[in-house]
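Written below as C-alpha cells is the structure these notes are about.
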Amino acid sequence: MINDVPYVVDCGYGVSRQLISVDVALNRVRYIFITHHHSDHNLELGPLFYNAWITGLPVRVDAYGPPGLTQMSRDFFNYLKFDIDTRIPDEGRTDPRTLFTAHEFDKPGVVLTNDDVKVTACLVRHPPIKQAYAYRFDAKDRSVVISGDTAYAPELAEFAKGADVLIHEVMYLPAIEALLQRLPNAKRLREHLIAAHTLPEDVGKIAADAGVKTLVLSHFVPGDDPSITDEQWSAGARKYFKGQIIVGKDLMEI
Ligand SMILES: [Zn+2]
Ligand SMILES: [Zn+2]
C-alpha cells in the first residue's frame with residue numbers, strides 16, 4: 001500500500017480473496033505488476049480485474065509486465081465475452097475492456113512513475129523463461145524490492161542497493177529431494193527447480209550485498225511441506241545476512 005493505494009505484485013490463484021481478507025476492497029486496485037508468466041503469478045490477473053469491475057470499479061487499472069500481457073488480457077476478455085456483452089446493456093456498466101490497460105515491457109528500467117512512487121524492473125534469471133523481472137518500489141518513506149522468481153542473481157544485490165526491505169524467493173534443497181521421491185516427473189522437475197530458484201545461503205548473500213535492513217523470505221519452494229520450520233528456511237540466509245529476517249506468511253503486514 002502506498003498512500004492508501006494498493007500496488008499488487010503478481011496474481012496467483014486466490015489474490016482477489018486475499019485482498020478482501022485484509023480489507024482491501026477490489027475496486028481500490030489501481031496498479032498490477034506481473035513478474036513473469038508462470039501460472040502461480042498470473043492465473044488470477046484477469047479474474048482480479050474482473051471481480052473489481054463487478055464490484056464497481058471506479059477507475060482504470062494499469063497492469064505492467066513482460067510480453068504476453070496484452071494478448072493474455074484480450075484472451076481473458078474473450079473468455080468472458082458472453083458475460084461482458086450481457087452486463088453492459090443489462091446493468092448499464094462501462095465496457096471493462098476500456099478500463100484495463102496492459103503495459104508490456106521487454107527490457108529492465110523504470111516502468112511507472114507517479115507522485116507517490118517510482119517503480120523499476122530488473123531482469124532476473126528464471127529459465128526457461130527469459131522475460132522474468134524483479135520490481136523495486138521507491139516511495140517517499142520506504143523502498144521495497146520484490147525478487148520475483150529467480151535463480152541466484154548477483155545483479156539483484158545492485159538493484160536492491162539501499163532498499164529498506166527485500167522480499168526474496170527461496171528454495172530449500174533437502175525438502176526438494178523428499179518431494180521428488182513422490183513424483184513421476186521428478187528428474188525434469190528437479191532440473192527446473194535447481195536452475196530457476198535460489199538457495200537460502202544465496203538469498204542471504206544478496207541481502208547482505210544489497211545492504212537492506214529487512215529480508216522477507218517468500219515464495220517457498222517447495223510450498224506444500226509444513227514440516228519445514230521457519231528456522232530451516234532462514235538458517236542459510238542468516239549465515240550471510242545479519243539484518244532482520246522475516247519468514248513470510250499469508251496476509252502478513254511488513
Ligand atoms: Zn516462476
Ligand atoms: Zn513462482
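Table for the structure above
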read-out	value
Beta bridges by DSSP in segment 136-217, antiparallel share as percent, to the nearest 5	30
Under-5 Å amide H pairs with A132, H placed in peptide plane, nonlocal only	V124
Anisotropy class of segment 210-254 from Cα gyration tensor, a/c 1.5 cut	oblate
Within segment 129-237: Cβ-based charge dipole about Cα centre, in debye rounded to nearest 20 (Lys, Arg +1; Asp, Glu -1)	280
In segment 42-145, lysine pairs with alpha-carbon atoms under 29 angstrom apart (chain gap of 8 or more, or interchain)	5
Å³ per residue enclosed by the Cα convex hull of segment 1-64	74
Bridge type composition, the chain - antiparallel percent by DSSP, nearest 5	40
Amide H contacts of Y64 (H built 1.01 Å from N, under 5 Å, at least 5 apart or other chain)	I32, F33, I34, H103
Gyration tensor over alpha-carbon atoms, segment 142-183, equivalent ellipsoid semi-axes in Å	29, 10, 7
Fraction in percent of alpha-carbon pairs per bin - 10 Å, the chain	7, 29, 35, 21, 7, 1, 0
Charge dipole magnitude, Cβ of K and R +1, D and E -1 - the chain, Cα centre, debye nearest 20	380
Distance violations [Cα-Cα > 31 Å] among K161/K239; K187/K213; K161/K187	K187/K213; K161/K187
Amide H contacts under 5 Å for I246, placed H, 5+ residues apart	L215, V216, L217
Derived scalar couplings ³J(HN,Hα) [segment 229-243; Karplus, 6.51 cos²θ - 1.76 cosθ + 1.60; whole Hz; x for Gly, Pro]	8, 4, 5, 5, 5, 9, 4, x, 5, 4, 4, 10, 10, 9, x
Carbon/sulfur fraction of accessible area - the chain, other protein chains in place, 1.4 Å, %	54
Candidate aspartates and glutamates - alpha carbon under 20 Å from K205, same-chain residues fewer than 8 apart omitted	D149, E155, E158, D164, E169, D230, E231
Value in Å of the Kirkwood radius, where segment 148-254 supplies the Cα pairs that are averaged	14.0
Karplus-derived HN-Hα couplings along segment 95-105 (A = 6.51, B = -1.76, C = 1.60, θ = phi - 60°), whole Hz, x at Gly and Pro	4, x, 5, 8, 9, 10, 10, 8, 10, 8, 9
Overall Cα dimensions of segment 77-152, principal axis frame, Å, largest first	50, 36, 16
Distance between segment 12-68 and segment 203-252 - C-alpha centres, whole angstrom	26
For segment 119-134, Karplus couplings with θ = phi - 60° (6.51, -1.76, 1.60), whole Hz, Gly/Pro x	10, 10, 10, 10, 5, 10, 10, 9, x, x, 7, 8, 9, 10, 10, 9
Percent of C-alpha pairs per 10 Å bin, segment 1-135, short to long	12, 42, 35, 10, 1
Net +/- balance of residues flanking R30 in space, Cβ distance below 15 Å, scoring K and R +1, D and E -1	-2
Degrees between helix 45-54 axis and first principal axis of the chain (Cα, 0 to 90, nearest 10)	40
Beta bridges per DSSP with both ends in segment 62-143, % antiparallel, nearest 5	75
Cα gyration tensor category, rounded, prolate or oblate, for segment 55-199 with a/c compared to 1.5	oblate
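The values are calculated or read from the model by the stated rules, or taken from the named source; none is laboratory data. Remember, it's a predicted structure, so these values are computed and weren't measured experimentally. Every residue, glycine as well, gets a Cβ built from its backbone with ideal geometry; the counts of neighbours run over all protein chains shown. Side chains included, ligands, DNA and RNA excluded: accessible areas come from the protein's heavy atoms. Shrake-Rupley method; radii C 1.70, N 1.55, O 1.52, S 1.80 Å.
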